[in-house]
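Participant: Next up is a structure, given as structure tokens.
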Amino acid sequence: MVRGARSGAMGRASTRRSKARKSRPFWVELPLLVGIALVLALLIKTFLLQAFSIPSDSMQNTLQKGDRVLVDKLTPWFGSEPERGEVVVFHDPADWLGDVPVDEPNTVQKVLSFIGVMPSAEEKDLIKRVIGVAGDTVECAGEGPVKVNGAALNEPYVFPGNTPCSDDEDGGRFKVTVPEGKIWVMGDHRQASSDSRYHQDDATRGMVPVDEVVGRAVVVAWPVGRWSTLPVPDTFKNVPDKP
């Protein structure tokens, strides 16, 4: 009898606690839910994925100005370095952007970009395709094709009407060997891209330090009608290792 009474009392107490939990108003739990969501978003931005906005036409037609891409930031944490053919986002290595104006974001935009919900409007980042990695010899004469370690690239991603290289003295014709810890990058819109070719006189000799790479762009996420992945083109499979 005592045991049964005690069991019944415990059951009633458990029921009261359960009802108390169920009757807790939503507005009491809302701040906690928002806080958890913000922490998760910040962790995702820091370690997994971050959104970036395409600022120019230099990667047409692969990417259009205004596209939003998702950048894989997880892989570099495991020591992986950029590979040929990948589209990567990187910090401006040697003032490539010069005095390109940056729109001043409002407070809401700053908060949302900080947690990774929207692209940053303040950072001067660039996006290009990796053509050469450490040890590679990349060259181009006349209008192309681009050669990596002696193998000519078939580049269907180059903007229609463009030539793979530009026949000019400012950097369109070149032959370089990529040093350790660096990559050589070019835009897909070759005649509208101020890339590695045109920064060979700067502090990094046109190269992008690997530690300045934010990550690999893997998906065009916005606008919805342009959703697509960004795989490595098959032509890079035919490039021999360092000569």
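Participant: Out of curiosity, is Ser113 of a type in the set (Ser, Thr, Tyr), within 26 Å of Ala51 (Cβ to Cβ), open to solvent by less than 30 Å² (accessible area, probe 1.4 Å) and at pLDDT 95 or above?
Facilitator: Considered against the rule, which asks whether it is of a type in the set (Ser, Thr, Tyr), within 26 Å of Ala51 (Cβ to Cβ), open to solvent by less than 30 Å² (accessible area, probe 1.4 Å) and at pLDDT 95 or above, Ser113 comes out as no.
Participant: Can you pull out the residues in the stretch 169-206 that are open to solvent by 10 Å² or more (accessible area, probe 1.4 Å) and in a helix (DSSP H, G or I)?
Facilitator: Gln191, Ala192, Tyr198, His199
Participant: Any chance you could count how many residues in the stretch 141-169 are touching a residue at least 40 places away in the same chain (Cβ under 8 Å) and closer than 13 Å to Trp184 by Cβ?
Facilitator: Adding up the residues that qualify gives 4.
Participant: Residues of the stretch 207-243 being in a loop (DSSP other than H, G, I, E, B), at pLDDT below 95 and farther than 18 Å from Val71 by Cα, which ones?
Facilitator: Residues satisfying the conditions are Val239, Pro240, Asp241, Lys242, Pro243.
Participant: Any residue at all in the stretch 186-206 that's of a type in the set (Phe, Trp, Tyr), more than 18 Å from the chain's Cα centre (by Cα) and under 16 Å from Ile54 (Cβ atoms)?
Facilitator: No: the stretch 186-206 contains no residue that is of a type in the set (Phe, Trp, Tyr), more than 18 Å from the chain's Cα centre (by Cα) and under 16 Å from Ile54 (Cβ atoms).
Participant: A further question follows. Could you figure out which of (1) farther than 25 Å from Pro231 by Cα; (2) out of contact with any helix residue (DSSP H, G or I) (no Cβ under 7 Å at 6 or more places or on another chain); (3) assigned to a loop (DSSP other than H, G, I, E, B) isn't true of Gly161?
Facilitator: Exception for Gly161: condition (1).
Participant: Which one of these is surrounded by fewer than 19 Cβ atoms within 10 Å (Cβ to Cβ) and farther than 21 Å from Gly135 by Cα: Val214, Val210, Val218?
Facilitator: Unique residue meeting the criteria: Val218.
Participant: Can you pull out the residues in the stretch 48-74 that are open to solvent by 30 Å² or more (accessible area, probe 1.4 Å) and of a type in the set (A, V, I, L, M, F, W, C)?
Facilitator: Residues satisfying the conditions are Leu48, Leu49, Leu70, Leu74.
Participant: What is the one condition in (1) assigned to a loop (DSSP other than H, G, I, E, B); (2) surrounded by fewer than 17 Cβ atoms within 10 Å (Cβ to Cβ) that Ser166 does not satisfy?
Facilitator: Going through (1) assigned to a loop (DSSP other than H, G, I, E, B); (2) surrounded by fewer than 17 Cβ atoms within 10 Å (Cβ to Cβ) one by one, Ser166 breaks only (2).
Participant: Take the stretch 74-92 and flag every residue that is modelled with pLDDT of 70 or more and over 21 Å from Pro233 (Cα atoms).
Facilitator: Leu74, His91, Asp92
The values are calculated or read from the model by the stated rules, or taken from the named source; none is laboratory data. Everything numeric here is computed off the predicted structure, so don't read it as measured data. Every residue, glycine as well, gets a Cβ built from its backbone with ideal geometry; the counts of neighbours run over all protein chains shown. We work out accessible area using only protein heavy atoms, side chains counted, and drop any ligands, DNA or RNA first. Shrake-Rupley method; radii C 1.70, N 1.55, O 1.52, S 1.80 Å.
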